[in-house]
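The structure under discussion appears below in the form of structure tokens.
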Amino acid sequence: MIYLDNAATTKMQEEVLEAMLPYLTEDYGNPSSVYVLASKAANAVARARAQVADLIRAKEHEIFFTSGGTEADNWALQGALLLGRTSMRMADGRNKKHIISSRIEHHAILHCLERLEEEGLAEVTLLPVDEEGFVDPSDLASVLRPETVLVSVMAANNEIGTIEPIAELVALTHKAGALFHTDAVQAFGQIPLDVRELGVDLMSASAHKIYGPKGAGMLYIQESIPFRSMIQGGPQEKNRRAGTENVLGIVGFGAACAYAGRTMEDRMTRERQLRDLLIKRIREIFPAAKLNGPQSEGTRDLRLPGNVNICFPGKSAELLLIMLDAKGIMASAGSACASGSLDPSHVLAATGLSADDNRASLRFSLGEETSRGEIEKTADALGRILDELRNGQGV
Ligand code: PLP
């Protein structure tokens, strides 16, 4: 079995599992209670908060645990709108309700924005991207307006790995008096992120993309922003996210952050080498193959280290995936979280790819366990599959 779908989710690290186990068994206290068992859980949550904060150079009290990246994204958008109706109102008393985002965001952003727009709560502008998936800061500058309450652009794209120019976008956004959120679910723990250097006000992240458990994530909220809770109830997370803490998931998230921080540099180097090897081997096997996303020398390192998204013109990605699966190799097509449904990708469409090339594109996402041998085997298997298809055996 060769797992090349790490952008969809990752295999949990042994040390993460070990950190979590006591909270599944003997340390089951509710962090809000007063006895020793409870304080063990509360201390574990506090330790995890410090581990998460450390990875992005945030302060501990700026980390708010959520059920994952999706909840954090929804909260960022809805929380900003709420602020636009209260503390961020314009001089003439009108609400700030314009949100700017990009066409290549994850559905956790795009579908939430659609809903907010449908309900008349927000006016949304989606920025285009170039053929490599980059947002152009001058496009942002031209659509910012006094009513803009929030700009939300992802740190790195989940399908094509494009790493966006966040610091530049933040500077423009702040000059216009709006907040900046970045969905960093794919970048967090994979490349260095420093919230103060980037200047972001809000950042979403998720544990299961970095060798941690599913169902745990966080929203970073810069300390001066009076963001309110999206979920009403108890006083957990300093009154900003009600509900008994997912102690197990939070502990796992913290341990995953510690692991990610310690191993990041080596992982990045290794994954970049393997990524480039896979691209090279695919091009040898199938010279017509076209890399999607950042590709020129100048933008090579602006692609996530583990991302290969490549088009096999004239071939069906769906069929290639099935044939790879039959050989024990797992990859994906279309959007990460929508694999299983092979709708053409909105990300590839936004980069200008034709509908045909869109349906002929595969994503291989490498992880810490990916080996050179696996990359070679995958390339060999692709070669055999493409031969079979040429000889009409694959259909
Ligand atoms: N944002 C991006 C860019 C993602 O890739 C994903 C998951 O694939 C999410 C958000 C959703 O995160 P979660 O699965 O933790 O809800």
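The values are calculated or read from the model by the stated rules, or taken from the named source; none is laboratory data. From a predicted model like this one, the values you see are computed outputs, not experimental measurements. Virtual Cβ from ideal backbone geometry, glycine too; neighbours counted across all protein chains shown.
Points to keep in mind about this one:
- Residues that are within 20 Å of the chain's Cα centre (by Cα) and surrounded by fewer than 21 Cβ atoms within 10 Å (Cβ to Cβ) are absent from the range 227-236 altogether.
- Test: residue in the range 252-259 that is hydrophobic (A, V, I, L, M, F, W, C), buried (at least 18 other Cβ atoms within 10 Å of the Cβ) and either modelled with pLDDT under 95 or in contact with a Lys or Arg (Cβ under 8 Å, 6 or more places away or on another chain) (or both): no
- On inspection, Ile282 qualifies as of a type in the set (Val, Ile, Thr) and within 14 Å of Arg363 (Cα to Cα).
- Complete set of residues in the range 199-213 that are of a type in the set (A, V, I, L, M) and more than 14 Å from the ligand (Cβ to nearest atom): Val200
- Meeting the requirement of 3 or more residues that are closer than 22 Å to Ala155 by Cβ, within 16 Å of the ligand (Cβ to nearest atom) and not basic (Lys, Arg), the helices (runs of 4 or more DSSP H) wholly within the range 258-372 are 346-350.
- Residues (more than 8 Å from the ligand (Cβ to nearest atom) and in contact with a strand residue (DSSP E or B) (Cβ under 9 Å, 6 or more places away or on another chain)) located in the range 185-198: Ala187, Phe188, Gly189, Gln190, Ile191, Leu193, Val195, Leu198
- Qualifying residues in the range 84-124 (those that are within 16 Å of the ligand (Cβ to nearest atom) and assigned to a loop (DSSP other than H, G, I, E, B)) - the one surrounded by the most Cβ atoms within 10 Å (Cβ to Cβ): Ile104
- Every residue from the range 56-77 that is outside any loop (DSSP other than H, G, I, E, B) and away from the ligand (no atom under 16 Å from the Cβ): Glu60, His61, Glu62
- Selected residue [within 22 Å of Pro305 (Cα to Cα) and hydrophobic (A, V, I, L, M, F, W, C)] from Val45, Val16, Val52, Val34: Val52
- Residues that are among the hydrophobic types (A, V, I, L, M, F, W, C), buried (at least 18 other Cβ atoms within 10 Å of the Cβ) and outside any loop (DSSP other than H, G, I, E, B), drawn from the range 133-171: Leu140, Val149, Leu150, Val151, Ala156, Ile163, Ile166, Leu169, Val170
- For the range 7-47, the set of residues classified as within 16 Å of the ligand (Cβ to nearest atom) and either out of contact with any Lys or Arg (no Cβ under 8 Å at 6 or more places or on another chain) or not in a loop (DSSP other than H, G, I, E, B) (or both) consists of Ala8, Lys11, Met12, Val16, listed by residue number.
- Among the residues of the range 214-242, the ones that are within 16 Å of the ligand (Cβ to nearest atom), closer than 27 Å to Met12 by Cβ and not in a strand (DSSP E or B) come to 5 in all.
- Residue check for Asp201: without any contact (Cβ under 8 Å) to a residue 40 or more places away in the chain, out of contact with any Lys or Arg (no Cβ under 7 Å at 6 or more places or on another chain) and not hydrophobic (A, V, I, L, M, F, W, C): yes
- Of the residues making up the range 2-31, those that are in contact with a strand residue (DSSP E or B) (Cβ under 8 Å, 6 or more places away or on another chain) and aromatic (Phe, Trp, Tyr) number 1.
- Pair list, Cβ < 9 Å and 6+ apart or interchain, from the range 71-84 residues that are under 16 Å from Gln232 (Cβ atoms) to residues that are away from the ligand (no atom under 16 Å from the Cβ) and at pLDDT below 95: Trp75/Phe227; Trp75/Ser229; Gly79/Phe227; Gly79/Arg228; Gly79/Ser229; Leu82/Phe227; Leu82/Arg228
- For the range 342-353, the criterion of being more than 18 Å from the chain's Cα centre (by Cα), at pLDDT 95 or above and on the phi > 0 side of the Ramachandran plot is satisfied by at least one residue.
- Among the residues listed as Leu121, Leu140, the single one being modelled with pLDDT of 95 or more, of a type in the set (A, V, I, L, M, F, W, C) and closer than 28 Å to Leu304 by Cα: Leu140
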